[in-house]
Ligand code: PEP
Ligand code: MN
């Protein structure tokens, strides 16, 4: 049983509800989702409470019984689609195109790509500053040196930016400058990072772990929602399978499945899903037709010399050709 407090419920009202539940001999988990949410365990606990009595307590908004293991992210909890606002862009209300390099490598590269993708009609820009890399000998990102670059890129282009936080420290450093923070596939179940994200006022882009089920993804989203940050976008980015023709396998059926299970916006990243720039345009178009709320692609001005993920980066020209086709497909497939 979930007990939701009204927004603006006082601390005394919250305490009174907690006392009422504990006095009835039930177990309680308190979180700060939107207002305050109490997750009350009835199974195996001694006591019982009458729901009518709980509903009468001052400050209580409603009681929800959610049968799925994920709660706040579920469609059962909230029927209406969530729309996540990033700067001027509304993710979940139209098709959103996100593009940019895997990593920002230096000021010139970042500015060149930013100007080009802006001209091609990108809605939101991406770019890694802290990079989670498989090998410690690979480029780890500009890190602290790159944070200030975000402000210059924003000033120069007027675009909003999403960038990845790899731990709590990088989250702290990026939070004031990024418009949206990404939690990557490798960190989908970094629960302390998810809790840090839950305390942020910035929207979160949560990528599906490469071996994560949709239930696990949605429970990870619950970590962010339950701490009071309701601005979460889910991102399918390919999962590990037995195939060798692509880096991962794009699980495009995750889009309709997630849209059915959850009220959160869903976008897809065909770059990490395929790992091959030759496959990216076809998959991006399929994503635009899939009912996804957006696509995120990696773009580079010189893919052959990129410091990370060059094999999967579209050239600036290829992205300029793809962007209007994505818009057209998204328009027609939405009817
Ligand atoms: C990325 O978006 O740069 C990235 C590292 O993606 P993922 O976490 O999906 O591997
Ligand atoms: Mn990458």
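Of note:
- Antiparallel bridges, percent of DSSP beta bridges restricted to the chain (to nearest 5): 40 percent
- The alpha carbon gyration tensor of region 84-333 gives principal lengths a ≥ b ≥ c with a/c below 1.5, which makes the shape rounded.
- Ordering of 147-158, 230-241 by packing [mean C-beta count within 10 Å, highest first]: 230-241, 147-158
- Cα centroid of region 50-64 to Cα centroid of region 112-156, whole Å: 47 Å
- Between the helical axis of 107-119 and the longest alpha-carbon principal axis of the chain there is an angle of about 80 degrees.
- Using alpha-carbon coordinates, inclination of helix 214-226 to the longest axis of the chain, degrees: 70 degrees
- With respect to the chain, whose longest principal axis is taken over its alpha-carbon atoms, helix 147-157 is tilted by about 70°.
- Per-pair calculated FRET efficiency, R0 = 22 Å: residue 93 and residue 327 via Cβ, rounded to 0.05: 0.90
- Scoring 56-64, 102-110 by mean Cβ neighbours within 10 Å over their residues and listing the highest first yields 102-110, 56-64.
- Packing rank of 254-262, 81-89, where each peptide gets the mean count of other beta carbons within 10 Å, highest leading: 254-262, 81-89
Quick note: the coordinates plus some simple rules give every number you see, no bench work behind them. Small disclaimer: the values here were computed from a predicted structure and weren't measured. Ideal geometry is used to build each Cβ from the backbone, glycine not excepted, and the neighbour counts take in all protein chains shown.
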